[in-house]
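**Q** Sharing a structure with you now.
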Amino acid sequence: MQLSLFDIPQPKIELEELFTAYFECRKNKRNTANALAFEIDYENSLVQLGEEINSGTYKIDRSIAFIVDKPVKREIFAADFRDRVVHHLIIGKLNHLFEKQFIHDSYSCRVEKGTHIGIQRVDRFIRQCSANYTKDCYILKLDLQGFFMSINKNILFAKLEKFIKEKYQSTDKDLLIKLCKQIILNAPTKNCIIKGYKSDWDNLPQTKSLFHSKPNCGLPIGNLTSQVFANFYMDSFDHFVKHNLKIRYYGRYVDDFVIVHEDKEYLKKLIPILSEYLQTELQTTIHPKKIYLQHYGKGVQFLGTVIKPNRIYIGNRTKGNFFNAIEKQNKIVLDNKPTKEEKAAFLSSMNSYLGIMKHYKTYNLRKRMIFKRLSGYWFNHVYLSGGIAKFVLKERPVKKNQRNAK
């Protein structure tokens, strides 16, 4: 019996994969209005989403655009929760392939990497290159100008399509490529919802806004796919530096990268070579005002710290932001008892700073900031754990009649 085309199973995204993506997605977004609305009937919502993806009728919804001021002023585009599930689906399928492709010393948005590992690695580069601070060596630190807004979507998609065709072996390859194309080429500025005021965009450089990006350029900050795809976009540069130029001490976090070398003149000559590659291959530009070249003894600012011989300091901006975050939390308990959402936001904000600071010699700083600056009312709801390393929410005591009912 001969099978017709309609009898052959067609490649599709499995419902189980969508459920996995959904549970990953809601870990950090469960209390948002978008997530709560989706969660009311998430099983049917996921079934419908799967049917749309597999039938080719899936469309990206409106994004919410707003401005944040900390740690620096920047523009955020928050995708609809439903679209975020698709982002997690895509990255879940590709991440293990990206990990095989990426060099060891790219630190952004990777499991068991991040800012702390990046700081440790650069500190190690300096110690090794200077033979434990007994020889001269120099640090070149560069930054890309308006990086996310300058990413060329056509270049990114061409690279990603080629990568998927070569590396991805599952039968849903064409569906995955189509989803990636939709996400990358989507223009979130069209028909977006503005949260806040248009004046919030005042004093934001045009190089940091999608509203002023060149045609077919720019990825929205705030999406998981943007973070991972940006890392993938820079991967060819990483390999150029490591394998073509054969530079041993190199590390990158998003658009912020460091090279350590014993020869200062070599590093000077390196800048135009790197600049030419970035402009020619990726259409990105080194920020002319953020070129740092100094002896290691003067230290280097990297990822919120200052790395100096035998010690690493927390940067002034990080300390200032921590102080401002404490002041913000103090206002919440000034006249009112904090809500469940405000308590969760407190833990997220405070523990993010403590999580960074605990790795360095900041015990006295943490102690001073918390016990002298943080309102004592917060300690009715939280307590400190691990030697001023983490805030933990106090559990509500079970009332006597509730215990008896059990």
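The values are calculated or read from the model by the stated rules, or taken from the named source; none is laboratory data. Not measured: the values here are computed from a predicted model. As a convention, Cβ positions derive from the backbone with ideal geometry for all residues, glycine included, and neighbour counts pool all protein chains shown. Areas reflect the complete protein model, heavy atoms only, side chains present, ligands, DNA and RNA absent. Shrake-Rupley method; radii C 1.70, N 1.55, O 1.52, S 1.80 Å.
**Q** Mind listing just one residue for me: the one in region 369-386 that is part of a helix (DSSP H, G or I), in contact with a helix residue (DSSP H, G or I) (Cβ under 7 Å, 6 or more places away or on another chain) and open to solvent by less than 50 Å² (accessible area, probe 1.4 Å) and, of those, nearest to GLY304 (Cα to Cα)?
**A** Once the filter is applied, the top-ranked residue is MET369.
**Q** Moving on to the next point. Name the residues in region 158-177 that are in contact (Cβ under 8 Å) with a residue 60 or more places away in the chain and within 20 Å of ASP235 (Cα to Cα), would you?
**A** Result: LYS159, LEU160, PHE163, ILE164, LYS167, TYR168.
**Q** Go through region 288-320 and give me each residue that's open to solvent by less than 70 Å² (accessible area, probe 1.4 Å), more than 17 Å from VAL72 (Cα to Cα) and part of a strand (DSSP E or B).
**A** Across region 288-320, the qualifying residues are TYR292, LEU293, GLN294, HIS295, VAL300, VAL306, ILE307, LYS308, ILE312.
**Q** Can I ask one more? I'd like to know if region 92-100 contains one or more residues that are of a type in the set (Asp, Glu) and either under 27 Å from ILE194 (Cα atoms) or not in a helix (DSSP H, G or I) (or both).
**A** Among the residues of region 92-100, not one is of a type in the set (Asp, Glu) and either under 27 Å from ILE194 (Cα atoms) or not in a helix (DSSP H, G or I) (or both), which makes the answer no.
**Q** Then there is this: Listed residues ALA131, ALA158; which is open to solvent by 50 Å² or more (accessible area, probe 1.4 Å), among the aliphatic types (A, V, I, L, M) and modelled with pLDDT of 95 or more?
**A** None of the others qualify; the one that does is ALA158.
**Q** Further question: Being open to solvent by less than 70 Å² (accessible area, probe 1.4 Å) and either among the polar types (S, T, N, Q) or assigned to a helix (DSSP H, G or I) (or both) is the filter here, so list the residues in region 328-344 that pass it. Walk me through it before giving the result.
**A** Within region 328-344, the first condition is being open to solvent by less than 70 Å² (accessible area, probe 1.4 Å), and the residues that meet it are 329-330, 332-333, 338-339, 342-344.
Within region 328-344, GLN329, ASN330, ILE332, THR339, GLU342, LYS343, ALA344 qualify.
**Q** Would you check which residues across region 308-332 are free of Cβ contacts under 8 Å to residues at least 60 places away in the same chain and touching a Pro at 6+ places or on another chain (Cβ under 6 Å) and list them?
**A** The one that is free of Cβ contacts under 8 Å to residues at least 60 places away in the same chain and touching a Pro at 6+ places or on another chain (Cβ under 6 Å): ILE332.
**Q** Looking only at residues that are among the β-branched types (Val, Ile, Thr) and farther than 17 Å from LEU176 by Cα in region 67-89, which one is surrounded by the fewest Cβ atoms within 10 Å (Cβ to Cβ)?
**A** Taking the candidates together, the pick is VAL72.
**Q** Restricting to region 188-236, and then to whatever is basic (Lys, Arg) and touching a residue at least 12 places away in the same chain (Cβ under 8 Å), can you tell me which residue is surrounded by the most Cβ atoms within 10 Å (Cβ to Cβ)? First the steps, then the outcome.
**A** First, pick out the residues of region 188-236 that are basic (Lys, Arg): 190, 195, 198, 208, 214.
Among the residues that remain, those that are also touching a residue at least 12 places away in the same chain (Cβ under 8 Å) are: 195, 208, 214.
Values: LYS195: 12, LYS208: 20, LYS214: 10.
Residue satisfying both the conditions and the ranking: LYS208.
**Q** Show the residue pairs meeting these rules: Cβ distance below 8 Å; 6+ apart or different chains; first residue within region 54-77 and without any contact (Cβ under 8 Å) to a residue 24 or more places away in the chain; second residue aliphatic (A, V, I, L, M) and not in a strand (DSSP E or B).
**A** Listed pairs, sorted by first residue: ASP61/ALA79.
**Q** Right, another one. Quick one: how many residues across region 159-209 are in contact with a Cys (Cβ under 9 Å, 6 or more places away or on another chain) and among the basic types (Lys, Arg)?
**A** 0
**Q** Take region 245-287 and flag every residue that is within 29 Å of ASN132 (Cβ to Cβ), open to solvent by 50 Å² or more (accessible area, probe 1.4 Å) and in a helix (DSSP H, G or I).
**A** LYS264, GLU265, TYR266, LYS268, LYS269
**Q** Which of the residues spanning region 345-368 are in contact with a Phe, Trp or Tyr (Cβ under 9 Å, 6 or more places away or on another chain) and in a loop (DSSP other than H, G, I, E, B)?
**A** Passing the criteria: TYR360, LYS361, THR362.
**Q** Kindly establish whether VAL228 is within 19 Å of GLN145 (Cβ to Cβ), modelled with pLDDT of 95 or more, in a helix (DSSP H, G or I) and in the same structural domain as ILE183 (by the TED database).
**A** Spelling it out, it is not the case that VAL228 is within 19 Å of GLN145 (Cβ to Cβ), modelled with pLDDT of 95 or more, in a helix (DSSP H, G or I) and in the same structural domain as ILE183 (by the TED database).
**Q** Given (1) within 30 Å of ALA187 (Cβ to Cβ); (2) modelled with pLDDT under 95; (3) open to solvent by less than 50 Å² (accessible area, probe 1.4 Å), identify the lone condition not met by LYS113.
**A** The one condition LYS113 does not meet is (1).
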